[in-house]
Amino acid sequence: MIRVVLPAHLRTLARVDGEVKLDVEGKVTQRSVLDALEARYPMLSGTIRDHVTQQRRAFLRFFACEQDLSHESPDALLPEAIATGKEPFLIVGAMAGG
């Protein structure tokens with residue numbers, strides 16, 4: 001069971017409170033987690049990744065085990081603590097402004 005924490009605006013869109021728990025088949029990567037998330041919550045499709053390129057949206061960041069994984073390959077394995085559900089995979093809205 002993979003645990004995912006979404007930013008407030010995406011929790012509202014998906015109509016969930018707190019963490020999302022997902023079953024991910026096969027290797028646990030950013031791509032497989034996001035595929036499972038979008039399959040379970042189709043209203044999130046296109047909000048985290050571009051529909052066509054599947055690239056991360058500019059104002060979202062991915063964190064796991066206190067590491068910024070935003071620029072890692074989407075097919076790189078996530079840390080064991082994420083794969084086992086000990087730690088959540090965080091999708092964080094970037095802060096901007098001045």
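The values are calculated or read from the model by the stated rules, or taken from the named source; none is laboratory data. Worth saying up front: this structure is predicted, and the values here are computed from it rather than measured. Note that we place each Cβ from the backbone using ideal geometry, even for glycine, and neighbour counts take in every protein chain shown. We work out accessible area using only protein heavy atoms, side chains counted, and drop any ligands, DNA or RNA first. Shrake-Rupley method; radii C 1.70, N 1.55, O 1.52, S 1.80 Å.
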**Asked** Where residues in the range 67-98 are more than 14 Å from the chain's Cα centre (by Cα) and modelled with pLDDT of 95 or more, which of them is least open to solvent (accessible area, probe 1.4 Å)?
**Response** Ala81
**Of all residues in the range 1-15 being open to solvent by less than 40 Å² (accessible area, probe 1.4 Å) and touching a helix residue (DSSP H, G or I) at 6+ places or on another chain (Cβ under 9 Å), the one that is nearest to Pro79 (Cα to Cα)** = Ile2
**Message:** Criterion first (of a type in the set (S, T, N, Q) and closer than 13 Å to Phe89 by Cα) does Gln30 satisfy it?
**Reply:** yes
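Taking the residues in the range 17-61 that are of a type in the set (Val, Ile, Thr) and over 13 Å from the mean Cα position of the chain (by Cα) as candidates, determine which candidate is least open to solvent (accessible area, probe 1.4 Å). It would help to see each step written out before you state the result.
Initially, the range 17-61 is screened for residues of a type in the set (Val, Ile, Thr), giving 20, 24, 28-29, 33, 47-48, 52-53.
Next, from what is left, pick out any that are over 13 Å from the mean Cα position of the chain (by Cα): 52-53.
Numbers: Val52: 130, Thr53: 80 Å².
Within the range 17-61, the match that is least open to solvent (accessible area, probe 1.4 Å) is Thr53.
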**Asked** Which residue pairs have Cβ atoms closer than 9 Å, lie 6 or more positions apart in sequence or on different chains, and pair a first residue in the range 8-19 that is among the β-branched types (Val, Ile, Thr) with a second residue that is open to solvent by less than 70 Å² (accessible area, probe 1.4 Å)?
**Response** Val16/Leu6; Val16/Leu10; Val16/Tyr41
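Tell me, yes or no, whether the range 65-78 has at least one residue that is on the phi > 0 side of the Ramachandran plot and either in a loop (DSSP other than H, G, I, E, B) or touching a Leu at 6+ places or on another chain (Cβ under 6 Å) (or both). Don't jump to the end; show me each part of the working.
Applying the first criterion (on the phi > 0 side of the Ramachandran plot) to the range 65-78 yields 65-66.
Now drop any that are not either in a loop (DSSP other than H, G, I, E, B) or touching a Leu at 6+ places or on another chain (Cβ under 6 Å) (or both), which leaves 65-66.
Within the range 65-78, one or more residues are on the phi > 0 side of the Ramachandran plot and either in a loop (DSSP other than H, G, I, E, B) or touching a Leu at 6+ places or on another chain (Cβ under 6 Å) (or both).
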**Asked** So Phe62 clears everything in (1) in a helix (DSSP H, G or I); (2) under 16 Å from Arg3 (Cβ atoms); (3) of a type outside the set (Asp, Glu) except one condition, right? Which one?
**Response** (1)
**Item:** Residues being assigned to a helix (DSSP H, G or I), touching a residue at least 40 places away in the same chain (Cβ under 8 Å) and of a type outside the set (A, V, I, L, M, F, W, C) - total across the range 20-59
**Value:** 2
